[in-house]
Amino acid sequence: MDSFLIEGGTTLRGEVQISGSKNAVLPIMAATLLTAETCVIRHVPDLSDVRFMCQILTSLGAEVEFDGSTLKVRAANITGTGDYDLIRKMRGSICILGPLLARLRKATVSLPGGCVIGTRPIDLHLKGLRTLGTQIRIEAGYVHAEAPDLSGSLVFLGGRAGPTVLGTANILMAATLAEGVTVIESAACEPEVVDLADFLNAMGARIQGAGSPTITVTGVRELRGVEHEVIPDRIEAGTFAVAAAASGGEVTLRGARPDHLGAVLDKLQEAGVRITRRAGALTIGAASNLKPVDITTMPYSGFPTDMQAQLMALMCQAPGTSIITERIFESRFMHAAELMRLGADIGIEGPSAIVKGGAPLSGAEVMASDLRASAALVIAGMAASGTTQVHRVYHLDRGYERMEVKLEALGARIQRVPGE
Ligand code: EPZ
């Protein structure tokens, strides 16, 4: 497994191109199953999760071509049974369930695995599909679903932690070819849901209200192939913004969408970070004196849980106390223990992490645990004095396109050490 070797204490300067959004492209790739015609998707990030999803679509019978940026899918002759091992390994693949049911009226997919950040249930996905007339049977780790009479209905998708992003995607896609009208209440409002709805409407679907908590879908008979460009990845942009602030430098995020980053930019400004918005770009300058801030993760447009670990790494440098409360996932503080190996002072009190920032960090060997926790360790390693080695960076490769290459171009001293 590869690791990153980082010499800390460098200042990041320059411009970085933001890649296409992982969390937008995965459901959009699933949506190509809704038509027998060819879909062309551009600005696709070259990530292991994307290549995984390509394998899943191929295992279902679709013809898939990916050149590292543009993806072509033709799901002319597909089956409703996905490869157990592939689907179990990547949670995002659960969003093939809705389109398979819409297209074939039946599907068998494995229950997605949980991961270090939580159990990741799919009860809301299944509740929504049942409301649309789907018979669901769980057996031997598989979801067996049949929906001969898939029909529109009122679907409430609010759960204990608020809406579900991929649950909204699944119901949205199933509803596009269902009989009649579906209204989704307590739908997720993330920009990735809006991008999916734009893709589906371009295919001929009739969706209104995406981006709001109430989405209305009028079922149609069939959908056609389209061309689409994926929105930029707001979490990658936020991650590089925090890295720039933590390094004391100044970085321009080319292609970032400030309108997708409201809560993140608000918190960075509160911490004293300098933010300049110019056409098509966002420039992040380090604070003259970084201030502690309190964060609570919320559904969009609140502060995103996928930026929580990165902000914690930054707050380790802000003199004073920051309280970071995680309200979306039940155990998303795996990075805290590893940050403490770099000298951070963090106490966990239930859903909150109490960060006493300001002490200088010093390099150490640390272990990545999940995608965003790994990003936090890279940010902290670059800010620490001395050498930091981040092990198991395959976690990073799932969601960041050539992260070490982009950081090195900004002046970081970082290299990938091939697997031990
Ligand atoms: C999506 O996951 C993202 N992944 C996650 O990004 C992101 O953290 C998450 O949304 C929340 O914003 C992709 O889009 C591929 P949820 P998703 O369903 O849809 C509970 C990253 O780092 N819940 O919105 O799986 C769930 O346990 C990843 O890029 C139920 O209770 O998340 C969680 O507490 C990590 N029942 C909360 O809802 C359900 O049926 C939000 O989960 C579904 C979810």
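Hey, can you tell me all the residues within the stretch 51-73 that are part of a helix (DSSP H, G or I) and open to solvent by 40 Å² or more (accessible area, probe 1.4 Å)?
The first filter runs over the stretch 51-73 and keeps only residues part of a helix (DSSP H, G or I), leaving 51-59.
Those that are part of a helix (DSSP H, G or I) and open to solvent by 40 Å² or more (accessible area, probe 1.4 Å): ARG51, PHE52, GLN55, THR58, SER59.
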Please enumerate the residues belonging to the stretch 27-50 that are part of a helix (DSSP H, G or I) and closer than 18 Å to ALA197 by Cα. PRO27, ILE28, MET29, ALA30, ALA31, THR32, LEU33, LEU34
Hey, any hits in the stretch 383-396 for a residue that's among the basic types (Lys, Arg) and assigned to a helix (DSSP H, G or I)? no
Listed residues HIS125, HIS144; which is assigned to a helix (DSSP H, G or I) and within 27 Å of the chain's Cα centre (by Cα)? HIS125
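Within the group SER69, SER19, SER59, SER48, which residue is within 19 Å of the chain's Cα centre (by Cα), at negative phi and without any contact (Cβ under 8 Å) to a residue 60 or more places away in the chain? Walk me through how you get there before you give the answer.
Working: SER19 fails: without any contact (Cβ under 8 Å) to a residue 60 or more places away in the chain; SER59 fails: within 19 Å of the chain's Cα centre (by Cα); SER48 fails: without any contact (Cβ under 8 Å) to a residue 60 or more places away in the chain.
Step by step, each of SER69, SER19, SER59, SER48 is checked, and only SER69 is within 19 Å of the chain's Cα centre (by Cα), at negative phi and without any contact (Cβ under 8 Å) to a residue 60 or more places away in the chain.
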The one condition in (1) under 19 Å from ALA197 (Cα atoms); (2) touching a Gly at 6+ places or on another chain (Cβ under 7 Å) that VAL109 fails to fulfil: (1)
Identify all residues within the stretch 226-246 that are out of contact with any Cys (no Cβ under 7 Å at 6 or more places or on another chain) and either within 30 Å of GLU37 (Cα to Cα) or open to solvent by 20 Å² or more (accessible area, probe 1.4 Å) (or both); write none if there are none. GLU227, HIS228, GLU229, VAL230, ILE231, PRO232, ASP233, ARG234
Restricting attention to the stretch 100-121, and to residues there that are over 15 Å from ILE87 (Cα atoms), at pLDDT 95 or above and among the hydrophobic types (A, V, I, L, M, F, W, C), which single residue is surrounded by the fewest Cβ atoms within 10 Å (Cβ to Cβ)? LEU104
Could you grab the pairs with beta carbons closer than 7 Å, sequence gap of 6+ or different chains, first residue in the stretch 153-169 and more than 14 Å from GLY211 (Cα to Cα) and modelled with pLDDT under 95, second one more than 8 Å from the ligand (Cβ to nearest atom) and assigned to a loop (DSSP other than H, G, I, E, B)? ALA161/ARG327
Scan of the stretch 317-344 for residues that are away from the ligand (no atom under 14 Å from the Cβ), open to solvent by 40 Å² or more (accessible area, probe 1.4 Å) and among the charged types (D, E, K, R), ordered by number: ARG341
So which residues in the stretch 9-37 are more than 16 Å from the ligand (Cβ to nearest atom) and over 30 Å from GLU222 (Cβ atoms)? GLY9, THR10, THR11, LEU12, ARG13, GLY14, GLU15, VAL16, GLN17
Can you name every residue in the stretch 147-172 that is away from the ligand (no atom under 16 Å from the Cβ), open to solvent by 30 Å² or more (accessible area, probe 1.4 Å) and in a loop (DSSP other than H, G, I, E, B)? PRO148, ASP149, SER153
Only one of these conditions is not met by LEU124: (1) near the ligand (Cβ under 8 Å from one of its atoms); (2) modelled with pLDDT under 95. Which number is it? (2)
Specify which of the listed residues (ILE78, ILE94, ILE87) is more than 16 Å from the ligand (Cβ to nearest atom) and closer than 30 Å to ARG42 by Cβ. ILE78
Do we have ARG372 as closer than 28 Å to GLY14 by Cβ, within 16 Å of the ligand (Cβ to nearest atom), at pLDDT 95 or above and basic (Lys, Arg) here? yes
How about the stretch 380-395: which of its residues are open to solvent by 10 Å² or more (accessible area, probe 1.4 Å) and more than 15 Å from the ligand (Cβ to nearest atom)? ALA383, SER385, GLY386, THR387, GLN389, HIS391, ARG392
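Quick check on this structure: which one of LEU314, LEU377 is assigned to a helix (DSSP H, G or I), within 15 Å of the ligand (Cβ to nearest atom) and farther than 27 Å from VAL193 by Cβ?
Working: LEU314 fails: within 15 Å of the ligand (Cβ to nearest atom).
One residue alone meets the criteria, LEU377.
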Flagged pairs (Cβ under 6 angstrom, 6 or more apart or on separate chains; first in the stretch 116-134, under 15 Å from ARG332 (Cα atoms); second among the charged types (D, E, K, R) and within 6 Å of the ligand (Cβ to nearest atom)) are ARG120/ARG91
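Might you check whether a residue that is modelled with pLDDT of 95 or more, over 20 Å from LEU26 (Cβ atoms) and touching a helix residue (DSSP H, G or I) at 6+ places or on another chain (Cβ under 6 Å) occurs anywhere in the stretch 181-203?
So in the stretch 181-203, the residues modelled with pLDDT of 95 or more come out as 181-203.
Keeping just the survivors that are over 20 Å from LEU26 (Cβ atoms) gives 181-183, 185-186.
Still in the running and touching a helix residue (DSSP H, G or I) at 6+ places or on another chain (Cβ under 6 Å): 182.
Among the residues of the stretch 181-203, at least one is modelled with pLDDT of 95 or more, over 20 Å from LEU26 (Cβ atoms) and touching a helix residue (DSSP H, G or I) at 6+ places or on another chain (Cβ under 6 Å), which makes the answer yes.
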Name the residues in the stretch 173-190 that are within 16 Å of the ligand (Cβ to nearest atom) and open to solvent by 10 Å² or more (accessible area, probe 1.4 Å), would you? GLU185, SER186, CYS189, GLU190
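The values are calculated or read from the model by the stated rules, or taken from the named source; none is laboratory data. Keep in mind that this is a model prediction, so the values were computed, not measured. Here Cβ is always computed from backbone atoms with ideal geometry, including for glycine, and neighbour counts include all displayed protein chains. Quick note on the areas: whole protein, heavy atoms, side chains included, nothing else; ligands and nucleic acids left out. Shrake-Rupley method; radii C 1.70, N 1.55, O 1.52, S 1.80 Å.
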